[in-house]
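J.: Dropping the structure in here first, questions after.
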Amino acid sequence: LSWLGRGDEEEEEEAAEVKIVCVGVMRTGLKTLQRALRSLGYSNIYSQEDVLTGFEEWSDVLSGSADHNVAFRKLFRGCEVVMGMPTFCFWEQICQMYPKALVILTVRDEDDWWASVKNAWSLMEKDMPGAPLRHGSAMRCFEQWLVPSYHKYCETMRFAWNSTLGVHALESSSLNEVIARNSYKQHNTCIEAILESQRRSDGKPRLLVYNVKSGWDPLCGFLKKDVPDVEFPACLDTDYFGSSLEVLGGTVQEMLLPDSSLGAKIRRELRWGLLKAFFALAVVLTMVCGVLLSRSVEISFSAVGLAYLFLVLVAWNVCSVMQNLVLKVPVLVVVPTALKSLLIAGALDVCFVLYDVLKELLVTQDMVAAPVLTLASRVGAILCGFLFVLMADGGFVLKAPITAVAAFAFTNEASSWAGYELLKYTSFPIYVMAKSVKIIPSMMMGRMVNGCRYSAGQYFQ
């Protein structure tokens with residue numbers, strides 16, 4: 001009975017083994033082939049999208065901390081087809097693991113391949129889901145420290161790109177055409193040289209060199225499948241990180257949603273990373289205070305307390321903003337979006353502080369009249385806005401009613417005028433605190449006029 005049981009297990013394991021290994025590199029029609037294989041009944045396909053759920057195993061394989069055979073068994077368990085990045089980087093090991101699997105090498109005209117790769121590479125500059133792959137070494141160290149899971153996924157994808165296009169393909173400002181073309185030809189030549197002589201049990205070749213433009217006949221003949229009654233999938237020429245995410249259904253889109261398991265893990269790591277940054281700043285502040293005290297520099301304990309309070313408030317607000325932010329953006333752009341938001345917020349704060357400091361000097365030292373300051377600042381704002389409208393693509397449309405704009409402008413001018421007058425009698429820090437406190441009456445006015453609702457925590461914040 002035990003012998004029979006082992007036989008059943010072996011049969012089940014053999015049935016669950018990979019049947020097809022697609023070893024073509026990126027931009028050779030892999031997504032078109034994937035759609036064709038699904039039409040032929042191969043539903044369990046491991047492709048690039050599955051890296052989102054298996055990046056931990058891939059990271060262990062790349063770092064050499066795990067046996068690649070064990071990792072591949074886990075990654076490809078239950079899959080009939082293996083294809084896409086980064087699997088084509090390990091084609092030889094995968095083919096050795098599954099000696100009965102058929103092998104398909106997707107190819108295309110070399111000039112067309114180079115044009116497609118170059119276009120996909122250039123789109124990373126503006127196509128946000130792929131843009132993080134081109135981060136420099138400093139940014140990679142930062143993302144590794146801040147969000148390890150995100151870093152592992154990006155490193156897996158970077159490895160696949162660099163293996164195909166050159167070691168520094170993503171970091172350089174331009175692609176080396178000679179290196180990329182040689183890599184493409186060497187990959188295909190090596191596969192053909194090693195697998196060309198291998199045969200199946202029926203004596204037919206194990207390898208099919210396939211161009212998706214050839215259609216159903218060579219593919220179905222190789223797989224011993226009847227040609228389906230449906231038309232062969234159109235050859236896709238998609239943006240690598242843009243519309244291609246919509247081609248294959250909802251699997252990728254679900255992983256990109258902020259409420260996915262990967263999204264929750266990245267948010268959790270991001271919060272811990274921000275907390276570590278806060279403690280690091282607190283340690284630096286403590287060390288600075290210690291150095292000053294050791295040199296007999298007098299330090300007001302109230303000033304130190306205010307500095308720590310400032311750090312706490314900044315950390316609290318950053319965490320609050322990041323928590324709301326990462327619930328509204330895809331997982332793969334959490335880190336770039338978070339960093340951009342922090343940099344923009346910091347730059348705005350610096351601009352506002354410098355603006356108010358200069359304003360205080362004009363009012364208290366140069367004795368410039370408040371109406372003159374108000375008029376000058378508004379004229380400058382109008383000129384900058386006019387230049388922006390001229391440079392903006394598609395022009396600018398004022399969507400708010402003119403009455404609402406006029407009411408806002410009047411109240412804003414009155415507030416600015418009062419602020420300039422206030423600087424004649426109070427210091428700049430008190431003036432800034434007064435401007436901050438005016439948020440509360442603004443919230444109350446919003447509730448009375450527009451029916452806006454705010455929580456107690458928002459009022460306290």
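J.: In debye to the nearest 20, how big a dipole does the stretch 391-461 give about its Cα centre with +1 on each Lys and Arg Cβ and -1 on each Asp and Glu Cβ? Don't jump to the answer; show the numbers that get you there.
T.: Details: 6 positive and 3 negative charges, 52 e Å.
Dipole of the stretch 391-461, to the nearest 20 debye: 240 debye.
J.: For the ranges 53-61, 291-299, what's the packing order if you count other beta-carbon atoms within 10 Å of each residue, average per peptide, and put the highest first? Mind dumping the intermediate values first?
T.: On the way: 53-61: 19.3, 291-299: 9.2.
Top of the packing list down: 53-61, 291-299.
J.: How large, in percent, is the carbon and sulfur part of the accessible surface of the stretch 45-173 at a probe radius of 1.4 Å?
T.: Details: 2660 of 5110 Å².
Carbon and sulfur together cover 52 percent of it.
J.: While we're on this one: Taking only Cα atoms, what is the 0 to 90° angle, nearest 10, from helix 261-294's long axis to the longest principal axis of the chain?
T.: 50
J.: For Ala345 and Gln93 in one chain, what is 0.36 nm times their gap in residues minus the Cα-Cα distance, to one decimal in nm?
T.: Going from the current span to full extension adds 85.9 nm.
J.: In nm, to one decimal, how far is the Asn450 label point from the Lys204 one, both placed 7 Å along Cα→Cβ?
T.: Computed distance between label sites Asn450 and Lys204 equals 6.8 nm.
J.: Which translational diffusion coefficient, to the nearest whole µm²/s, is obtained for the chain from the Stokes-Einstein equation, given a Kirkwood hydrodynamic radius over C-alpha pairs, 4 °C and 1.567 mPa s?
T.: Answer from the Stokes-Einstein relation: 47 µm²/s.
J.: Okay, next question. Determine the gain in length on full extension of the stretch Ala409-Ser63; use 0.36 nm per residue of separation and subtract their C-alpha separation, reporting nm with one decimal.
T.: 118.7 nm
J.: I'd like the per residue volume of the convex hull spanned by the Cα atoms of the stretch 72-230, given in cubic angstrom.
T.: Output value, Cα hull per residue: 153 Å³.
J.: Counting only heavy atoms of the protein chains, get the accessible area per residue of the chain (1.4 Å probe) and round it to a whole Å² value.
T.: 58
J.: Continuing with the same structure: Report the FRET efficiency, 1/(1 + (r/R0)^6), for Gln461 and Glu231, where r is their Cβ-Cβ distance and R0 is 45 Å, rounded to 0.05.
T.: Plugging the Cβ-Cβ distance into 1/(1 + (r/R0)^6) gives 0.20.
J.: Give the carbon-plus-sulfur fraction of the accessible surface of the stretch 353-447 in %, rounded to a whole number; probe 1.4 Å, heavy atoms of protein chains only.
T.: That fraction is 78 percent.
J.: Tell me the label-point distance for the pair Cys220, Val389, using the 7 Å Cα-to-Cβ offset, in nm and rounded to one decimal.
T.: Distance between label points: 6.2 nm.
J.: Roughly how large, in nm² to one decimal, is the mean projection of the convex hull of the alpha-carbon atoms in the stretch 62-103? Could you put the intermediate results ahead of the total?
T.: Details: hull surface 12.2 nm².
Result: a mean projected hull area of 3.0 nm².
J.: Compute the acute angle (0 to 90°) between the alpha-carbon long axis of helix 110-123 and the principal axis of greatest extent of the alpha-carbon atoms of the chain; round to the nearest 10°.
T.: 20
J.: Take Ser377, project a point 7 Å from its Cα along the Cβ direction, then tell me which residues of the stretch 328-370 have their backbone nitrogen under 12 Å from it.
T.: The answer is 352-363, 370.
J.: Against the longest principal axis of the chain, how steep is helix 177-195, in degrees 0 to 90 to the nearest 10, with axes from Cα atoms?
T.: 30
J.: With labels modelled as points extended 7 Å from the Cα through the Cβ direction, what inter-label distance (nm, one decimal) is found for Leu123 paired with Ala282?
T.: Each label point lies 7 Å from its Cα, and together they span 4.6 nm.
J.: Still on this structure, please answer the following. Given 37 °C and 0.692 mPa s, compute D for the stretch 328-441 with the Stokes-Einstein relation, Rh being the Kirkwood radius over Cα pairs; round to the nearest whole µm²/s.
T.: The calculation lands on 193 µm²/s.
The values are calculated or read from the model by the stated rules, or taken from the named source; none is laboratory data. Here the structure is a predicted model, which is why all the values come from computation and not from measurement. Note that each Cβ is placed from the backbone with ideal geometry, even for glycine, and that neighbours are counted across all protein chains shown. SASA here: full protein model, heavy atoms, side chains in, ligands and nucleic acids out. Shrake-Rupley method; radii C 1.70, N 1.55, O 1.52, S 1.80 Å.
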